[in-house]
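The values are calculated or read from the model by the stated rules, or taken from the named source; none is laboratory data. Please read all numbers here as calculations on a predicted model, not as lab measurements. All Cβ positions, even for glycine, are placed from backbone atoms using ideal geometry, and neighbour counts span all protein chains on display. Surface accessibility is based on the protein's heavy atoms, side chains included, excluding ligands, DNA and RNA. Shrake-Rupley method; radii C 1.70, N 1.55, O 1.52, S 1.80 Å.
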Amino acid sequence: RVARVSFSAVDNAVMALGQFPVESPFRAAAAVIQSLKDESDNGHTWVEAGNVPELLGKMKLTYPIPSDAIERGIANATEHGMIRRIIGDGEAVIGYAVPFLAKAEENIAATLAAMLREPAPLGRFDAIPEAMREALTDAQKVAVLMAIEHRVAVLTGGPGTGKTYVTKSIIAAIRSAIEAREIVIVAPTGKAAKRANEVTGNEAMTMHRLAGMLGNTGSDDEQ
């Protein structure tokens, strides 16, 4: 797909030239690959085989791909690099992914696994101000200890369960250990980063800004 030009626009132009029949397996393969890339914008690396027709339908092509051509398109895409694998827990389900996304997911998983194998205390629980420590529930104390004793931890919970207070406690515990080193909270959007800064009083920014992807082209609030 050409940058800033939708797949459907390119497809319409190609179809107008009459170079490919509607049921072309090459056209179907291109559409399948594009549908997988589009789905990655929703946070999905892998797509179940049974969901491919639905994703193609969401593309709203002027010349829809016939159902009998979809399987041929999937086969063609697989021959040219699309990855086919059994995914899911329990019942075996066939899933598809584009190579670079599957590789990125594998690399991230491997990196996280390596980090979990190497415990590295990031702070001290007794460094948290006494008043804050006493206000923590037993469950919150466990969460704080998990976060400061491991390089990777996941904190979950519904509204009002104290995630923000736990986060503030974690920051207090870590700050004592790293002294002059900077602590930065990273969030997926500018709005979330702003909220994190408000509730914790600590610097927060978007992942894009931290990675230097934005440069001087925009601010966090625009993300």
Practice problem: Determine the pairs where a residue that is under 19 Å from D11 (Cα atoms), located within segment 65-86, has a partner that is part of a helix (DSSP H, G or I) and of a type in the set (F, W, Y) with Cβ atoms under 7 Å apart, the partner being 6 or more residues away or on another chain. | Solution: N76/F26
Quiz item: Has segment 13-30 got at least one residue that is farther than 26 Å from A102 by Cα, open to solvent by less than 60 Å² (accessible area, probe 1.4 Å) and in contact with a Ser or Thr (Cβ under 9 Å, 6 or more places away or on another chain)?
Solution: yes
Quiz prompt | The listed residue being of a type outside the set (D, E, K, R) and surrounded by fewer than 15 Cβ atoms within 10 Å (Cβ to Cβ), out of G158, G162, G190 | solution = G158
Quiz item: What are the residue pairs meeting all of these: first residue in segment 183-194, first residue at pLDDT 85 or above, second residue aromatic (F, W, Y), Cβ atoms under 7 Å, and 6 or more apart or on different chains?
Solution: none
Self-check item: Near pairs, Cβ below 8 angstrom, 6+ apart or cross-chain, from segment 13-42 (within 30 Å of E105 (Cβ to Cβ) and among the acidic types (D, E)) to any residue that is open to solvent by 60 Å² or more (accessible area, probe 1.4 Å) and part of a helix (DSSP H, G or I)
Solution: D38/K58
Exercise. Could you check how many residues of segment 19-65 are under 21 Å from the mean Cα position of the chain (by Cα) and acidic (D, E)?
Key: 4
Quiz item: Of all residues in segment 144-154 being part of a loop (DSSP other than H, G, I, E, B) and open to solvent by 70 Å² or more (accessible area, probe 1.4 Å), which is nearest to E198 (Cα to Cα)?
Solution: V154
Quiz item: Here are N216, N197: which of them is modelled with pLDDT under 90 and either of a type in the set (S, T, Y) or part of a loop (DSSP other than H, G, I, E, B) (or both)?
Solution: N216
Exercise. Test each condition in (1) touching a Gly at 6+ places or on another chain (Cβ under 9 Å); (2) open to solvent by 60 Å² or more (accessible area, probe 1.4 Å); (3) of a type in the set (V, I, T) for T62 and report the one that comes out false.
Key: (1)
Practice problem: Please verify whether segment 77-87 includes one or more residues that are open to solvent by 50 Å² or more (accessible area, probe 1.4 Å), modelled with pLDDT under 90 and not aromatic (F, W, Y). | Solution: yes
Practice problem: Identify all residues within segment 16-30 that are part of a helix (DSSP H, G or I) and hydrophobic (A, V, I, L, M, F, W, C); write none if there are none. | Solution: A16, L17, F26, A28, A29, A30
Quiz item: Applying the selection to segment 101-124, what residues are within 27 Å of S176 (Cα to Cα) and either under 19 Å from the mean Cα position of the chain (by Cα) or at pLDDT 90 or above (or both)?
Solution: T111, L112, A113, A114, M115
Quiz prompt | Per-region count, segment 98-143, residues over 30 Å from K37 (Cα atoms), free of Cβ contacts under 8 Å to residues at least 40 places away in the same chain and either open to solvent by 90 Å² or more (accessible area, probe 1.4 Å) or of a type outside the set (K, R) (or both) | solution = 16
